[in-house]
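Working notes, structure below.
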Amino acid sequence: MESTATHLLAGHSAIVTGASSGIGLAVAEALADAGAAVVVNYHSDAAPAEELAAKIRTAGGRAEAIGANVSEEQDVVRLFDAATEAFGRIDVLVANSGVQKDAAIADLTLADWNTVIDINLTGQFLCAREAVRRFRAQPREARPARSAGAIITMSSVHEVIPWAGHVNYAASKGGSRMLTRTLAQEVAVDGIRVNGIAPGAIRTPINEDAWGSDAALEKLLRLIPYGRIGEPEDVARAAVWLASDQADYVTGTTLFVDGGMTLYPEFRDNG
Ligand code: BGC
């Protein structure tokens with residue numbers, strides 16, 4: 001485990017969905033480095049999640065890899081039951097699971113529309129609902145944080161940037177934006193904080209075609225004022241902060257971690 005000066009998440013227990021690769025994996029590792037006990041959720045790819053959990057345990061942390069499909073109601077209940085059984089409580093949910101099934105509108109199948117909405121949006125709803133139920137039921141005196149629990153939804157710059165050829169994905173992230181804000185408004189009275197993270201182009205398997213060749217990367221960098229592609233750790237650090245008491249007065253907002261992708265870079269030279 002990293003010897004961080006302060007363990008911002010000491011005593012916390014967290015669930016990270018979709019943590020077998022990419023951003024979810026980095027977030028799970030960073031939460032553990034910050035002192036949290038972590039449930040590393042995966043859907044179909046158990047091995048990397050098991051490996052990360054073992055790595056965290058070897059470093060002296062606490063982690064369990066647990067399989068569940070976030071778009072299935074009973075799976076989500078089982079995931080939270082398993083987390084509670086393992087760590088006694090749940091303080092942080094990072095609803096990260098997400099997929100892309102890209103197609104131009106005329107070719108987009110209903111199946112691919114449904115898959116993306118089910119995982120990216122319904123999955124966030126089901127996990128957030130379960131987190132709220134559990135946060136409300138936990139004894140106040142045992143809390144490791146000022147809040148009664150923190151929910152982080154993994155959104156995207158495409159919660160605000162329209163994206164031709166990806167209408168299912170952009171719609172799911174636009175939905176996540178309002179899910180986050182509406183839920184934050186509803187559960188603030190319970191002391192629960194709800195925020196989104198909107199990553200830009202991050203070097204993960206989901207967008208390898210956008211950075212995997214020099215030509216693609218050069219084209220991508222034109223969209224990023226800060227001049228580099230993001231790394232999963234850039235997002236993971238934001239998640240640790242949002243989950244911790246450092247962000248105790250922050251709720252109902254989205255933290256963009258995008259190197260300026262949402263700054264309309266095409267207007268740099270006066271449009
Ligand atoms: C998508 C990536 C894309 C990035 C920026 C993300 O939400 O998953 O495929 O590269 O947004 O467009």
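Since every read-out is calculated from the coordinates, none of them should be taken as a lab result. These numbers come from a predicted model, not from an experiment. When we count neighbours, we look across all protein chains shown, and the Cβ atoms used for this are built from the backbone with ideal geometry, even at glycine.
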Considering the chain as a Gaussian network with a 10 Å cut-off on Cα pairs, which listed residue, Q100, Q124, Q74, attains the greatest mean-square fluctuation?
-> Q74
Given the options R133, R228, R89, which has the most mean-square fluctuation in a GNM of the chain, springs set between C-alpha atoms less than 10 angstrom apart?
-> R133
Value of D in µm² per second that Stokes-Einstein yields for segment 138-260, Kirkwood Rh from Cα pairs, at 25 °C (0.890 mPa s) | 156 µm²/s
Let me have the 222 nm mean residue ellipticity of the chain computed from DSSP H runs of 4+ only, each contributing -39500 (n - 2.57), with the sum over all residues rounded to the nearest 500.
-> -12000 deg cm²/dmol
In degrees between 0 and 90, to the nearest 10, how far off the longest principal axis of the chain does helix 123-137 point, with axes built from Cα atoms?
-> 20 degrees
Over the chain, one equal point on each Cα, no solvent: what is log10 I(q)/I(0) by the Debye formula at q = 0.11, 0.14 Å⁻¹?
-> -0.58, -0.95
Between the alpha carbon centres of segment 121-167 and segment 238-260 the gap in Å comes to 12 Å
Take the Cα radius of gyration of segment 4-152 and divide it by 2.2 N^0.38 Å, with N its residue count; two decimals is plenty.
-> 1.07
GNM result for the chain, Cα springs below 10 Å: residue of T122, T153, T204 fluctuating most strongly | T204
Rounded to the nearest 10 degrees, the helix 22-33 long axis (Cα) sits at an angle to the longest Cα principal axis of the chain of 30 degrees
At what distance in angstrom do the alpha carbon centres of segment 76-100 and segment 1-69 lie from each other?
-> 11 Å
Write down the percent of antiparallel bridges among all DSSP beta bridges whose residues are both part of segment 13-267, to the nearest 5.
-> 0 percent
Once both labels are modelled 7 Å past Cα along the beta-carbon direction, what's the T109-S44 spacing in nm?
-> 1.3 nm
Pairwise label distance in nanometres, E186 with E231, each label 7 Å out on the Cα-Cβ vector = 3.8 nm
Pairing the Cα long axis of helix 73-87 with the longest principal axis of the chain, what angle in degrees results, from 0 to 90 and rounded to the nearest 10?
-> 50 degrees
Just the number, please: Stokes-Einstein D of segment 120-171 in µm²/s, Kirkwood Rh from C-alpha pairs, 25 °C, 0.890 mPa s.
-> 184 µm²/s
